[in-house]
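Quick notes on the structure that follows.
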Amino acid sequence: MASHERSSTKASPSWEVMPCLPGDLFKEAARYGIQPVQAQLLHNRGITSPEEMQRFLNAHFKDTRDPFQLIDMRKAVTRIQQALESKEHITVYGDYDADGVTSSALLYRALRRLKQPDAPLSFHIPDRLHDGCGLNLPALDMLKARGTSLIVTTDCASSDVEQVAYARSLAMDVIITDHHHPPAELPAAVAMVNPWRPDCPYGERYLCGVGIAFKLAQALYQVYQRPEEELLELLDLVAIGTIADIAPLLGENHILVQLGLQRLNRTQKCGLLELIKHTTLRLGSIRERDIAFSLAPRINAAGRMKDAGIAFRLLTTDDPEEGARLAAELNALNLSRQQETETLMRFVREEAQKHPAHPVILVSGQDWHEGIIGLVAGKLADELQKPVLVVSHDQQTQLSRGSARSQKNYNIIEALRSFPGEFVRFGGHTQAAGFTIASDAIPELYEHLLNWTGSPLTAIVEETEDEEEQAELERLITGQPRTIDLVFEKITLSQLTYDFYLQIRRLGPFGNSNPEPVFKMEHLRLLRSRVTGRSERLNLSVLLEHPEEHGQQRWATVPRGGHLFERLKGVKHVDIIFSLEASEDENRTETWIKILDIQPSEQTENTQKPV
């Protein structure tokens with residue numbers, strides 16, 4: 001691999017350039033069959049030895065960890081065995097976001113296969129608006145009346161000390177499976193399977209709710225000596241929940257999601273098949289981004305707009321007719337969510353424009369749907385590059401619920417924490433928070449936020465009010481790093497082939513902690529540019545030529561880059577930061593360059609040094 005001096009030219013100062021590996025490391029990786037670009041990308045992600053690289057690229061299920069290494073797994077399995085053998089009524093108790101729904105559906109499917117035919121098995125997912133996340137006392141009363149004697153939670157309840165004690169007083173045992181940071185005082189559950197417990201010896205902490213549910217199913221299937229193939233059938237749900245929860249896609253998550261995507265692309269779950277029919281997706285070509293932007297929003301729409309149980313039933317049904325009906329309902333809910341979000345977005349944007357000089361924007365209204373105010377706050381904060389709070393007043397209770405999103409120079413959770421008034425409750429992180437407050441205290445809160453000059457962003461603090469807020473803030477905090485994976489490798493346009501693209505894709509699935517690879521090329525000759533598309537979605541296409549490949553020209557696209565057309569007029573050379581995309585169908589494959597950043601080149605003809 002050719003190595004070059006670091007160029008002082010940068011396409012944008014906000015991009016960090018990763019250093020090139022020394023030549024001997026490339027040679028060592030090559031002995032394991034690892035391509036140079038793969039070795040560089042894996043090293044950038046902290047996978048440094050050839051053995052680790054090989055395991056990452058191969059992603060075998062045998063490389064996952066023993067589920068019984070998780071704290072309390074043996075206790076959980078023993079109690080579930082007792083319940084199954086005694087035909088006790090087991091209730092799977094989940095959460096209303098995509099991770100909570102998929103983890104509930106996965107465990108329900110596993111227990112349904114293991115239980116005796118006449119043994120009772122049910123589920124409960126709390127209402128997002130009225131119950132909040134986790135166990136709640138009215139639900140426990142209802143489960144007791146229904147005959148439940150064992151509750152198994154998924155993706156929740158690590159902090160529910162009072163609720164677990166109440167369940168015990170009703171003679172109901174609770175097993176907690178969760179991935180959220182537990183408090184110092186743990187609930188008195190029969191078992192608490194959570195890798196974030198300080199006493200947990202498990203080697204990885206970043207499994208999400210559906211990952212923990214899968215490990216419990218794995219342990220149960222081992223004890224009952226079920227075929228491994230039955231277990232692997234559940235991995236499509238693991239892929240959906242893990243990607244939707246934006247969990248780090250390294251280590252065991254990487255293996256489970258990669259194998260899960262393979263399963264999803266040939267899934268036999270009739271509900272998923274029907275849901276896919278409502279999208280533009282095709283079985284066999286579904287990728288991680290398709291889950292993030294197509295399947296997960298539809299699953300999340302149930303809990304946001306109506307009842308998460310709709311999505312749960314879709315993922316657990318074996319009846320194609322029921323699957324078709326539920327998929328249609330989910331799709332309609334998602335369309336409604338999109339329309340309501342856009343309507344509210346326009347109103348909030350207009351209100352914010354009335355106060356352009358305010359360092360913080362707070363917009364409030366009556367009875368706005370609380371399932372979308374966080375989405376609107378996040379979008380507007382991105383647009384305005386300032387903190388935004390969107391608040392919905394409940395006229396009946398005289399309480400208001402708000403979602404806050406911030407930018408890097410304003411620590412929203414500390415700003416809320418320092419408010420001298422009282423919240424009914426609040427929680428969050430440095431860039432996102434949720435709160436409930438008396439409606440008549442909103443003006444005082446806004447005045448406090450406008451004048452607050454406290455600390456900048458520091459560390460993450462406690463969980464938000466609910467998991468929808470949690471997922472949104474994680475998206476803000478762990479969004480794609482602005483790093484360039486390869487700058488010293490002498491890439492030419494002719495090297496950007498489909499085979500090169502496939503070498504990169506071997507590292508997928510991409511997401512949190514394993515972002516899509518980003519590359520840089522400098523001093524490309526800009527031959528032509530044109531604008532395509534409509535309105536605010538205008539794209540900029542540019543025809544480029546590499547200085548060492550006269551005659552080798554490629555079109556590249558800047559999505560929503562139409563505004564750059566005038567700025568590049570008269571520019572002869574450009575530096576680009578880009579990712580490589582591919583179009584694949586049965587008859588042909590082709591790659592194309594997706595430009596993430598483009599700047600006029602600062603190099604002169606005499607100093608050009610393509611990288």
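Relative to the Cα centre, what is the charge dipole magnitude of the chain, using +1 at the beta carbon of each Lys and Arg, -1 at the beta carbon of each Asp and Glu, and rounding to the nearest 20 debye?
My answer is approximately 1360 debye.
Peptides 516-523, 548-555, 91-98: what's the order by average Cβ count within 10 Å, highest mean first?
The most tightly packed comes first, giving 91-98, 516-523, 548-555.
Given contacts defined as C-alpha pairs under 8 Å and at least six residues apart, what's the relative contact order of the chain, whole-number percent?
Across the chain, relative contact order equals 13 percent.
Mind pulling the angle between the C-alpha long axis of helix 373-384 and the longest principal axis of the chain? Nearest 10 degrees, somewhere in 0 to 90.
20
Highest first, please rank the peptides 300-312, 327-339 by the mean number of other Cβ atoms sitting within 10 Å of their residues.
Working: 300-312: 24.4, 327-339: 18.2.
The densest-packed peptide leads the list: 300-312, 327-339.
With the Cα gyration tensor of the range 67-235 giving a ≥ b ≥ c as the square roots of its eigenvalues, does the rule (a/c under 1.5 for rounded; else a/b larger than b/c for prolate; else oblate) give rounded, prolate or oblate?
Here the range 67-235 falls in the rounded category.
Which angle between 0 and 90 degrees, to the nearest 10, do you get for helix 296-305 versus the longest principal axis of the chain when only C-alpha atoms count?
50
Give me, ordered by chain and number, the residues 5 or more places off V558 or on other chains with an amide H under 5 Å from its own placed amide H.
The answer is L540, S541, V542, I595.
Which percentage, to the nearest 5, of the DSSP beta bridges contained in the chain is antiparallel?
Values: 48 of 75 bridges.
DSSP beta bridges in the chain are roughly 65 percent antiparallel.
Grab the DSSP H runs of the chain that are 4 residues or longer, score each as -39,500 (n - 2.57), total them, divide by all residues and round the 222 nm result to the nearest 500 deg cm²/dmol.
Helices in the chain give a 222 nm mean residue ellipticity of -11500 deg cm²/dmol.
Charges on Cβ only, +1 for Lys and Arg, -1 for Asp and Glu, centred on the Cα centroid of the chain; of L137, T430, N334, which one is farthest towards the dipole's positive end?
N334
For helix 73-85, report the angle its Cα long axis makes with the longest principal axis of the Cα atoms of the chain; keep it between 0 and 90° and round to the nearest 10°.
Tilt of helix 73-85: around 50 degrees.
Could you please report the charge total around A191, scoring K, R as +1 and D, E as -1 over all other residues with beta-carbon less than 10 angstrom from its beta-carbon?
That works out to +1.
Report, for the range 507-603, the % of DSSP beta bridges that are antiparallel, rounded to 5.
Counting only bridges with both partners in the range 507-603, antiparallel ones make up about 95 percent.
Among (i) -0.80, -0.98, -1.48; (ii) -0.78, -0.91, -1.32; (iii) -0.67, -0.82, -1.30, which one is log10 I(q)/I(0) by the Debye sum over Cα atoms at q = 0.09, 0.10, 0.13 Å⁻¹ computed from these coordinates?
From the options (i) -0.80, -0.98, -1.48; (ii) -0.78, -0.91, -1.32; (iii) -0.67, -0.82, -1.30, the structure gives (i).
Every number in this text was worked out from the coordinates using simple rules, so none of it is lab data. It should be emphasised that the depicted structure is a prediction, and the values quoted were computed from it without experimental measurement. Cβ atoms come from the backbone with ideal geometry, glycine included; neighbour counts cover every protein chain shown.
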